[in-house]
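Engineer: Please find one structure pasted underneath; my questions will follow.
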Amino acid sequence: MNTNDSAATRYTTLTSDCVHELEIKRSRFITYLYRVETEAAAREHIAALRKSHFDARHHCSAFILGPDRMAQRSNDDGEPSGTAGIPMLDALAKREIADGSVLSDVLAVVVRYFGGIKLGAGGLVRAYSEAVSSALDQAQLHLRQRMRIHTFAASHADAARYENELRAAGYQIEPTAWHADAAIVQVGIPDTPEAADQLRTHIATLTSGAGELAAANTQWVDLI
């Protein structure tokens with residue numbers, strides 16, 4: 001994912017996949033939620049569920065991709081038009097997140113086993129919407145934020161201590177690169193001049209002026 005193509009700075013996604021089942025008028029609605037970043041990955045999950053639930057009547061789906069949520073797709077898979085995929089997509093798109101961010105990089109697939117009682121168009125809309133919303137209630141979510149990675153060199157003996165102290169101060173620590181002569185500590189901060197100045201001051205104090213901070217690339221970081 002190219003961070004330079006996105007105006008968004010944060011969004012929420014799944015921490016892990018989730019499965020949740022509802023029974024409505026004897027029909028079973030089994031919702032699968034997956035974290036995906038491409039349409040190809042979403043379609044692979046849908047195809048796999050068609051195989052594992054080959055005896056189900058419908059495998060309806062909806063997904064939203066990208067920090068700016070530019071890719072949004074839905075599929076009724078044989079249900080009356082507009083009664084499954086669109087309500088599922090609405091449940092994803094309109095999900096309220098406590099911190100005000102939006103939900104993205106999420107695929108929802110609802111596998112329906114027909115129970116013999118017709119729900120009608122309105123009943124189907126409510127059922128598919130509730131199936132996704134109920135699954136999201138059970139899902140673990142976390143924030144992803146676009147961050148500027150900054151680095152500084154430290155001795156092997158000091159690197160772990162610097163990591164711990166920076167982490168305790170609330171900084172996002174990415175994996176340290178260990179080289180023969182030094183360790184390169186990586187710190188993620190919001191991509192603003194103010195955050196960079198604050199980190200520079202903190203590093204100078206922490207290392208008694210020995211740490212020289214360098215700005216590296218921007219990347220999306222999972223804040224878990």
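The values are calculated or read from the model by the stated rules, or taken from the named source; none is laboratory data. What you see is a predicted model, and the numbers here were worked out from it, not measured in a lab. Reconstructed Cβ throughout: ideal geometry from the backbone, glycine too, with neighbour counts over all protein chains shown.
Engineer: Can you tell me how many residues in segment 206-224 are surrounded by fewer than 11 Cβ atoms within 10 Å (Cβ to Cβ) and either out of contact with any strand residue (DSSP E or B) (no Cβ under 8 Å at 6 or more places or on another chain) or not in a strand (DSSP E or B) (or both)?
Structural biologist: Summing the residues that are surrounded by fewer than 11 Cβ atoms within 10 Å (Cβ to Cβ) and either out of contact with any strand residue (DSSP E or B) (no Cβ under 8 Å at 6 or more places or on another chain) or not in a strand (DSSP E or B) (or both) in segment 206-224 gives 3.
Engineer: Report, ordered by the first and then the second residue, all pairs with beta carbons closer than 8 Å, sequence separation of six or more or different chains, a first member in segment 89-105 that is assigned to a loop (DSSP other than H, G, I, E, B), and a second member that is crowded, with 19+ Cβ neighbours inside 10 Å and among the aromatic types (Phe, Trp, Tyr).
Structural biologist: Taking only residues 6 or more apart or on different chains, the pairs are SER101/TYR11; VAL102/TYR11; SER104/TYR11; ASP105/TYR11.
Engineer: May I pose another question? So, in segment 142-152, how many residues would count as being under 20 Å from THR12 (Cβ atoms) and surrounded by 19 or more Cβ atoms within 10 Å (Cβ to Cβ)?
Structural biologist: Here the count works out to 4.
Engineer: Right, another one. Please count how many residues of segment 111-140 are surrounded by fewer than 18 Cβ atoms within 10 Å (Cβ to Cβ) and of a type outside the set (D, E, K, R).
Structural biologist: Residues meeting the conditions: 12.
Engineer: In segment 39-62, which residues are in contact with a His (Cβ under 9 Å, 6 or more places away or on another chain) and aromatic (Phe, Trp, Tyr)?
Structural biologist: Result: no residue meets the conditions.
Engineer: Could you tell me whether GLY78 is farther than 30 Å from ALA216 by Cβ and surrounded by fewer than 18 Cβ atoms within 10 Å (Cβ to Cβ)?
Structural biologist: yes
Engineer: Can you tell me which residue within segment 98-110, out of those that are over 18 Å from ARG57 (Cβ atoms) and in contact with a Phe, Trp or Tyr (Cβ under 9 Å, 6 or more places away or on another chain), is surrounded by the most Cβ atoms within 10 Å (Cβ to Cβ)?
Structural biologist: Among them, the one singled out is VAL106.
Engineer: From ASP191, ASP158, grab the single residue that is within 30 Å of the chain's Cα centre (by Cα) and not assigned by TED's automatic domain parsing to the domain that holds ARG112.
Structural biologist: It is ASP191.
Engineer: Of the conditions (1) touching an Asp or Glu at 6+ places or on another chain (Cβ under 8 Å); (2) part of a loop (DSSP other than H, G, I, E, B); (3) among the polar types (S, T, N, Q), SER61 satisfies every one except a single condition; which number is it?
Structural biologist: (2)
Engineer: Quick one: which of THR201, THR176, THR207 is touching a residue at least 40 places away in the same chain (Cβ under 8 Å) and either more than 25 Å from the chain's Cα centre (by Cα) or not assigned by TED's automatic domain parsing to the domain that holds MET88 (or both)?
Structural biologist: THR207
Engineer: Say whether the condition of being modelled with pLDDT under 95, touching a Gly at 6+ places or on another chain (Cβ under 7 Å) and part of a loop (DSSP other than H, G, I, E, B) is met by at least one residue in segment 26-42.
Structural biologist: Checked segment 26-42: at least one residue is modelled with pLDDT under 95, touching a Gly at 6+ places or on another chain (Cβ under 7 Å) and part of a loop (DSSP other than H, G, I, E, B).
Engineer: Would a scan of segment 56-64 turn up a residue that is of a type in the set (Lys, Arg) and surrounded by fewer than 15 Cβ atoms within 10 Å (Cβ to Cβ)?
Structural biologist: yes
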